[in-house]
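Shown next, in structure tokens, is the structure this report addresses.
The values are calculated or read from the model by the stated rules, or taken from the named source; none is laboratory data. Everything quoted here is computed from the prediction, not taken from an experiment. Heads up, the Cβs are rebuilt from the backbone with ideal geometry, glycines too, and the neighbour counts pull from every protein chain shown.
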Amino acid sequence: MRKKIVAANWKMNLTKKEAISIYDKLEEVELDDNQEIIVFSPYVFLDALKQRQHHVKVGAQNFHPAARGAYTGKVSISHLVDLEIECVLVGHSERRMLFNESSEVIKLKLDVAIQHKMEIIYCCGEPLIKRETGKHLYFVKNQLETDLFHLSAEQMKLIIIAYEPVWAIGTGVTATTAQAEEMHKFIRETIAGKYGNEVAENTSILYGGSCNAENAAELFACPNIDGGLIGGASLNSEDFTKIILAQ
Ligand code: PGA
């Protein structure tokens, strides 16, 4: 049975005190066996969170694909492994758009993370113009084929997919359940076409983009939506806990 996951993407927010306070409250939430919480924290809090960890996974929002060297200000995957971080985000639309992360870089990061046996939340999703012109399915299929489909079926076991329509991220506009379920089903079928049904059925596909305590239950009730990647609403432990309990 594929895992149900609710992940927090804290982005460039929170103080250390706030981060620890939210994390400790999440540690109190009781989970079912196939349920998981992951917190993608700013680098500077990772070590402190790991020290307090029982069952809430700690993930990094980014890393540099080079093993080591003269890359001032960057953090390598070995640094994350050293802190026993178990998960990374790759392909988030903010990295693609604000930091010009190309498909080549995304592929390289996926390979590096897999070499280090990291679990990966790989993000995909269309900009508004593609949805308005009815090209959203084609666009996301192309992202999957370009970024992801060089991986083997075995390597796909480390991949969790987050479908995050760019027009829904941080905007307060959420995809309707029909829009989200259509895309999630399509992503699963696309994976099945490439890797077969078993891989597709075992791949968790999360929804992200203005998911909140009010709309989470309806989204998570869709057959192909296995949880969420939550930005704004993960910065408050009460809201985020409601989202976890909506599963
Ligand atoms: P949001 O962000 O929930 O604030 O829309 C989601 C994300 O960027 O992962």
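Taking the condition of being among the small types (Gly, Ala, Ser), loosely packed, with under 15 Cβ neighbours inside 10 Å and within 16 Å of the ligand (Cβ to nearest atom), how many residues in the stretch 172-188 meet it?
Of the residues in the stretch 172-188, the ones among the small types (Gly, Ala, Ser) are 172, 175, 178, 180.
When the remaining residues are screened for being loosely packed, with under 15 Cβ neighbours inside 10 Å, the result is 172, 178.
Next cut, within 16 Å of the ligand (Cβ to nearest atom) only: 172.
Going through the stretch 172-188 one residue at a time, the tally reaches 1.
What is the number of the single condition among (1) surrounded by 21 or more Cβ atoms within 10 Å (Cβ to Cβ); (2) under 19 Å from Asn13 (Cα atoms) that Ala216 does not meet?
Ala216 satisfies every listed condition except (2).
Find all pairs meeting these conditions: Cβ atoms under 7 angstrom apart; at least six residues apart or on different chains; first residue within the stretch 138-153 and closer than 11 Å to Lys107 by Cα and among the polar types (S, T, N, Q); second residue surrounded by fewer than 16 Cβ atoms within 10 Å (Cβ to Cβ) and modelled with pLDDT of 95 or more.
Thr146/Ser103
Among the candidates Ile169, Ile191, Ile230, single out the residue that is among the hydrophobic types (A, V, I, L, M, F, W, C), crowded, with 20+ Cβ neighbours inside 10 Å and away from the ligand (no atom under 11 Å from the Cβ). Break it down stepwise before answering.
Working: Ile169 fails: away from the ligand (no atom under 11 Å from the Cβ); Ile230 fails: away from the ligand (no atom under 11 Å from the Cβ).
Unique residue meeting the criteria: Ile191.
Give the residue, chosen from Val6, Val29, Val39, that is buried (at least 16 other Cβ atoms within 10 Å of the Cβ), within 18 Å of Leu83 (Cβ to Cβ) and at pLDDT 95 or above.
Values: Val6 fails: within 18 Å of Leu83 (Cβ to Cβ); Val29 fails: within 18 Å of Leu83 (Cβ to Cβ).
Going through Val6, Val29, Val39 in turn, the sole match is Val39.
Restricting attention to the stretch 199-213, and to residues there that are closer than 22 Å to Leu144 by Cα, in contact (Cβ under 8 Å) with a residue 24 or more places away in the chain and more than 10 Å from the ligand (Cβ to nearest atom), which single residue is surrounded by the most Cβ atoms within 10 Å (Cβ to Cβ)? Steps first, please.
Initial filter on the stretch 199-213 (closer than 22 Å to Leu144 by Cα): 199-209.
Filter once more, so that each one left must be in contact (Cβ under 8 Å) with a residue 24 or more places away in the chain: 199, 201-209.
Right, trim to more than 10 Å from the ligand (Cβ to nearest atom) and you get 199, 201-205.
Numbers: Val199: 18, Glu201: 12, Asn202: 14, Thr203: 20, Ser204: 18, Ile205: 23.
Applying the filter and picking the extreme gives Ile205.
Given the structure, is Leu46 within 16 Å of the ligand (Cβ to nearest atom) and either under 24 Å from Met12 (Cβ atoms) or surrounded by 18 or more Cβ atoms within 10 Å (Cβ to Cβ) (or both)?
Values: within 16 Å of the ligand (Cβ to nearest atom): no; either under 24 Å from Met12 (Cβ atoms) or surrounded by 18 or more Cβ atoms within 10 Å (Cβ to Cβ) (or both): yes.
So Leu46 fails the test.
Within the stretch 88-171, considering only helices (runs of 4 or more DSSP H) that don't extend past its boundaries, which have at least 2 residues that are under 18 Å from the mean Cα position of the chain (by Cα) and under 23 Å from Ala200 (Cβ atoms)? Step through it out loud before you land on a result.
Values: elements: 93-98, 103-115, 128-132, 136-143.
Answer list for the stretch 88-171: 103-115, 136-143.
Which condition from (1) at positive phi; (2) modelled with pLDDT of 95 or more is the one that Glu189 breaks?
Answer for Glu189: the failing condition is (1).
I need every pair where a residue in the stretch 113-129 that is more than 18 Å from His184 (Cα to Cα) has its Cβ under 6 Å from the Cβ of a residue that is assigned to a helix (DSSP H, G or I), sequence separation at least 6 or different chains.
So the pair list comes out as Ile114/Gln155; Ile114/Leu158; His116/Ile77; His116/Val81; Glu119/Leu158.
Which residues, taken from the stretch 214-226, are in a loop (DSSP other than H, G, I, E, B) and either more than 16 Å from the ligand (Cβ to nearest atom) or under 16 Å from Ile37 (Cβ atoms) (or both)?
Answer for the stretch 214-226, where residues must be in a loop (DSSP other than H, G, I, E, B) and either more than 16 Å from the ligand (Cβ to nearest atom) or under 16 Å from Ile37 (Cβ atoms) (or both): Ala221, Cys222, Pro223, Asn224, Asp226.
Out of the residues in the stretch 121-137 meeting the condition of being crowded, with 23+ Cβ neighbours inside 10 Å and among the hydrophobic types (A, V, I, L, M, F, W, C), tell me which one is nearest to the ligand (Cβ to nearest atom).
The residue in question is Cys123.
If Leu98 satisfies every condition in (1) within 16 Å of the ligand (Cβ to nearest atom); (2) within 17 Å of Ile187 (Cβ to Cβ); (3) not small (Gly, Ala, Ser) but one, which is the exception?
Of (1) within 16 Å of the ligand (Cβ to nearest atom); (2) within 17 Å of Ile187 (Cβ to Cβ); (3) not small (Gly, Ala, Ser), only one is false for Leu98: (2).
Take the residues in the stretch 169-228 that are touching a Gly at 6+ places or on another chain (Cβ under 9 Å) and hydroxyl-bearing (Ser, Thr, Tyr), then tell me which one is nearest to Leu98 (Cα to Cα).
Within the stretch 169-228, the subset touching a Gly at 6+ places or on another chain (Cβ under 9 Å) is 169-175, 180, 183, 200, 204-212, 216, 219-220, 228.
Going one step further and asking which of them are hydroxyl-bearing (Ser, Thr, Tyr), we end up with 171, 174, 204, 207, 210.
Numbers: Thr171: 16, Thr174: 21, Ser204: 27, Tyr207: 21, Ser210: 19 Å.
That would be Thr171.
Modelled with pLDDT of 95 or more, exposed (fewer than 15 other Cβ atoms within 10 Å of the Cβ) and farther than 21 Å from Val88 by Cα - does that describe any residue in the stretch 152-163? Spell out the reasoning first.
Quick first cut of the stretch 152-163, residues modelled with pLDDT of 95 or more only: 152-163.
Cutting the leftovers down to exposed (fewer than 15 other Cβ atoms within 10 Å of the Cβ) gives us 152-154, 157.
Subset that is farther than 21 Å from Val88 by Cα: none.
No.
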